[in-house]
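Notes for the one structure printed next.
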Amino acid sequence: MLEVADLSVTFRRYSGLFRQVEKACLTGVSFRLSPGEVLAVIGSSGAGKSILAHAILDLLPANAVLRGSVRVAGRATLLPQSTAHLDPLASAGRQIGRAADRAGRRRAVVPALAGVGLAAGVARLRPHALSTGMARRVMLAAALAQEAGLIVADEPTAGLDPHHRNVILDRLRAEADRGAGVLLITHDLSAALARADRVAVLEGGVLAGVEPARAFAGAGEGLSPAARRLWRALPENGFLSDA
């Protein structure tokens, strides 16, 4: 489904008039994602989570330098972080239809909307008329309309209330249960654990560990140090520190 091997990403920029330097954002990242699996990628802001998503889907800018390898078996799609990815001039229904057409799929718009908990009338609305929760579910419907085997979801619940967050995460889990591979990039460890099979922890562009979701229990004795710090710092664990 997805195999990432020794992936490093740097960005070239000018220092002065002629000299180019490279800034490292990911270093030596390796993991596999299998069909039917949700792999959550957890990390703080700036850890390299979104860069990883864009590297997997070959969406990095021209000044990016990628080393290592990314192998995707079958079709892949991105569920982007920002609702600005929606076309402001096109209705929700048209955008879902376009996504399906680009993937060579035939998909009825109304069932696609119903599948993410939206009414048929939403198909006529443009992005400015959608709430944040509605816009994110339209983007999810567009991503699912492509019937891809790999779904890369980049912070798909940012800014959402718990209800709409659960709608999106539960649907992603359902897609995995149907056989898709889901790479769930998020900073919300608690929400991810309820749906993920494994959790990968990124720290400063380095993969600090990949843990089974069931290992996040008790005081986190069986976790890597990075994963244990995140687990123990959750509110439900009393904001504990290993320091």
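Any read-out appearing in this document is the output of simple, stated calculations on the displayed coordinates, not a laboratory observation. Quick caveat, the model's predicted, so the values are computed rather than measured. With ideal geometry, Cβ positions are generated from the backbone for all residues, glycine too; neighbour counts draw on all protein chains shown.
Table for the structure above
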read-out	value
Cα-based Rg and Dmax for the stretch 6-61, where Dmax is the largest Cα-Cα distance (Å)	14.1, 50
DSSP loop chymotrypsin sites (Phe, Trp or Tyr not before Pro) with at most 12 other Cβ within 10 Å: longest gap in the chain	19-238
Sorted peptide list for 42-55, 137-150, 162-175, criterion being average Cβ within 10 angstrom, highest first	137-150, 42-55, 162-175
Relative exposure of ILE56, ILE96, judged by other C-beta atoms within 10 Å (fewest first)	ILE56, ILE96
Cα-based convex hull volume of the stretch 73-156 per residue, rounded to whole Å³	79 Å³
Radius ratio Rg over Rh of the stretch 115-242, counting only Cα atoms, Kirkwood formula for Rh	1.02
Largest-first ellipsoid semi-axes for the chain, taking √(5λ) over the Cα gyration tensor eigenvalues, angstrom	30, 24, 17
Computed [θ] at 222 nm, deg cm²/dmol, the chain (DSSP H ≥ 4; -39,500 (n - 2.57); rounded to nearest 500)	-8000 deg cm²/dmol
Near-label residues of the stretch 29-43 by backbone N, under 17 Å of a point 7 Å along Cα→Cβ of SER224	29-34, 39-43
